[in-house]
Amino acid sequence: MNKYVERLYNGIIKENPTFVLMLGMCPTLAVTSSAINGLGMGLSTTVVLICSNLLISLFRKIIPNGVRMPAYIVIVASLVTVVQFLMQAYLPSLSASLGVYIPLIVVNCIILGRAESYASKNAPVESIFDGLGMGLGFTIGLTIIGLIREILGAGTAFDVQIFGEWFTPITIFIMAPGAFLVLAFLVAGMNIVRKKMDAKGTPLAEPAGCLAGDCAHCGASCPSAGKKPETNNTEGGDK
Amino acid sequence: MSDLYHVSSSPHVRAKDSTSRIMAYVIAALLPASLFGIYNFGFKALLLILITIATCVATEWIFDKIVHKKNTIGDLSAVVTGLLLALNLPVSLPWWEAVIGGVFAIAIVKCLFGGLGQNFMNPALGARCFLLIAFAADMTNFNVTKNGVDVYTGATPLALIRENGLSAVNVRDMLVGNVAGTIGETSVIAILLGAIILILLGVIDLKIPGAYIITFALFMFFFGASRFDFNYVVAQLCGGGLMLGAFFMATDYVTSPITPSGKIIFGICCGLLTGIFRCFGANAEGVSFSIILSNILVPLIEKYTVPRAFGQVKEAKKNE
């Protein structure tokens, strides 16, 4: 497999940030009350992720190891500011409904996680594709969650009424508990798929990222995670 | 000779109690409240009770089939869950919403966490709260029509007290149960009858309900809408799901502490939360939310109330 395609496959399926790595849970749970919100959040994160991966990969030899976290944050924050202003200018309604979660992309674990575990060690073009794959994986995850919650909780899909008069919306699904329920069922489904593929002999391979915030076991992709508390802080800060 | 010198390991004396036996007692104790609910709200109440019980049992059976576990519907706990859930629903609820509630109670609250004994909150109450949030309008619609006549319209006694003060309700009606409400919660007398059966059979003791009711009464006496009014406290005690919750749901073995002092703390938690919800919350009722919140506190309560075993010496303070 071509290494760029491999990066895309890795981000969308094998290490899907939402269903496999469980990164960026806060925006995942908070903004997915409708499919449009999920899509908007996913795409804006994707844009930031691609650009930040590119820049961090370009600067990877200049950034001193001791201050790499602040450096990444500065890069990501600048990009998020740009995205935020663009969104306010051209998509004001989406910007209003996503609210504070757009500025919070700065501390999104996926972005810092990919910066730390991939972009800081690989060439720019691969990093772009890694960002694209991860971003699309995140977008797909959020859109699916948002779509399911919107259909069950409001009876609409992308703001289009899909049921007739008989349908009583189960409003809990567009409230916070619904986010947890839908996410839990989708992750369970993903685990079933993984088990089936393991049984068939084509395993999806265990994710080599910071699975569920457990940094003790991931020597492979973020070697500094076990030693340095900063990576823990990025997840704690993703509120 | 072999009969005389039968050698076996302990335990040598076994009680006859089993899960299914205790559950059967609970079902029997719930019968007065159920029968009164059916009498009070008509045939549709019976239908709703049967539907939720059938849903709960079927869900457990299907879940066990899917995950290849030993079939556990024989322990009757699903029947109890279904019955309790139905008693916590308004009779006007559409049947399919009751079915969703039953599936949620058994599949999500109970079976996914490992089945009976592993569930972290009372399945019936978990499902009731789910339905309350999911179908808020239907779950708080207490208008009842029996044989084409409007039997009850509008609000439950608790909501009436909240809106119009104590004079709006008749406490004697609330004791007997001739008021609007969910199927099983209206008649205090029928519930107490069932509770006495359970206490006499030794299935529950008075620690949790006692602590719950006393705490709640004191809270309402001091902080309620009309303070230091004895009648108000009595009306609050008889209104809503307090009695049903205190005797039948807070005492659920799985989701209440097993330590004696823990039971009292648990009861106090329930009472305090119910008082806070009823006095300061957005709704007139708060029993189900306070019980499931206290359910979540149970592991913590048990951790700090483990009694000292006989002969065990208190750990001496370490000298620096």
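The values are calculated or read from the model by the stated rules, or taken from the named source; none is laboratory data. Quick caveat, the model's predicted, so the values are computed rather than measured. So basically every Cβ, Gly included, is an ideal-geometry build from the backbone, and we count neighbours across all protein chains shown. Remember, those area values only see protein heavy atoms, side chains included, never the ligands or the DNA or RNA. Shrake-Rupley method; radii C 1.70, N 1.55, O 1.52, S 1.80 Å.
Here are the numbers:
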{"read-out": "Index of the failed condition, B:Gly262 passing every other in (1) more than 28 Å from B:Val171 (Cβ to Cβ); (2) more than 17 Å from the chain's Cα centre (by Cα); (3) at pLDDT below 90", "value": "(3)"}
{"read-out": "Residue within the range B:245-255 that is closer than 27 Å to B:Leu166 by Cα and open to solvent by 40 Å² or more (accessible area, probe 1.4 Å) present", "value": "no"}
{"read-out": "Residue in the range B:87-95 that is farther than 23 Å from B:Asn40 by Cβ and surrounded by fewer than 24 Cβ atoms within 10 Å (Cβ to Cβ) present", "value": "no"}
{"read-out": "Test: residue in the range B:142-156 that is assigned to a helix (DSSP H, G or I) and modelled with pLDDT of 75 or more", "value": "no"}
{"read-out": "Subset of the range A:136-177 that is among the polar types (S, T, N, Q) and more than 15 Å from B:Phe135 (Cα to Cα) - its residue that is surrounded by the fewest Cβ atoms within 10 Å (Cβ to Cβ)", "value": "A:Gln161"}
{"read-out": "Residue in the range B:302-312 that is closer than 30 Å to B:Ala190 by Cα and either open to solvent by less than 20 Å² (accessible area, probe 1.4 Å) or assigned to a helix (DSSP H, G or I) (or both) present", "value": "no"}
{"read-out": "Selection count where residues are touching a Phe, Trp or Tyr at 6+ places or on another chain (Cβ under 9 Å), under 14 Å from A:Val182 (Cβ atoms) and either part of a loop (DSSP other than H, G, I, E, B) or open to solvent by 40 Å² or more (accessible area, probe 1.4 Å) (or both), scope the range A:1-32", "value": "2"}
{"read-out": "Candidate set: the range A:187-202, residues that are within 14 Å of another protein chain (Cβ to nearest Cβ) and over 18 Å from A:Leu147 (Cβ atoms); chosen: the one surrounded by the fewest Cβ atoms within 10 Å (Cβ to Cβ)", "value": "A:Ile192"}
{"read-out": "Search result, residues across the range B:279-288 that are open to solvent by 10 Å² or more (accessible area, probe 1.4 Å), in contact with a Gly (Cβ under 8 Å, 6 or more places away or on another chain) and part of a helix (DSSP H, G or I)", "value": "B:Cys279"}
{"read-out": "Count of residues meeting criterion [more than 19 Å from the chain's Cα centre (by Cα) and not aromatic (Phe, Trp, Tyr)] in the range B:55-86", "value": "15"}
{"read-out": "Criterion: touching a strand residue (DSSP E or B) at 6+ places or on another chain (Cβ under 7 Å) and either touching a residue at least 40 places away in the same chain (Cβ under 8 Å) or open to solvent by less than 50 Å² (accessible area, probe 1.4 Å) (or both) - qualifying residue of B:Gly117, B:Gly74, B:Gly42, B:Gly102", "value": "B:Gly42"}
{"read-out": "Any hit, the range B:181-195, residues being out of contact with any Gly (no Cβ under 9 Å at 6 or more places or on another chain) and open to solvent by less than 60 Å² (accessible area, probe 1.4 Å)", "value": "yes"}
{"read-out": "Residue pairs meeting the criteria (Cβ under 8 Å; at least 6 apart or on separate chains; first under 12 Å from A:Ile56 (Cβ atoms) and open to solvent by 10 Å² or more (accessible area, probe 1.4 Å), in the range A:121-135; second modelled with pLDDT under 90 and outside any helix (DSSP H, G or I))", "value": "A:Lys121/A:Arg60"}
{"read-out": "Hits in the range A:137-173 (condition: within 14 Å of chain B (Cβ to nearest Cβ), among the polar types (S, T, N, Q) and out of contact with any Gly (no Cβ under 8 Å at 6 or more places or on another chain))", "value": "A:Thr168"}
{"read-out": "Matching residues in the range A:177-186 - criterion: being of a type in the set (A, V, I, L, M, F, W, C) and within 10 Å of another protein chain (Cβ to nearest Cβ)", "value": "A:Leu181, A:Ala184, A:Phe185"}
{"read-out": "Any chance B:Val203 is in a strand (DSSP E or B) and either at pLDDT 85 or above or surrounded by 15 or more Cβ atoms within 10 Å (Cβ to Cβ) (or both)", "value": "no"}
{"read-out": "Boolean, B:Asn170 is open to solvent by 70 Å² or more (accessible area, probe 1.4 Å), away from every other protein chain (no Cβ under 14 Å) and touching a residue at least 60 places away in the same chain (Cβ under 8 Å)", "value": "no"}
{"read-out": "Answer from B:Tyr232, B:Tyr212 - the residue that is in a helix (DSSP H, G or I) and in contact with a Cys (Cβ under 7 Å, 6 or more places away or on another chain)", "value": "B:Tyr212"}
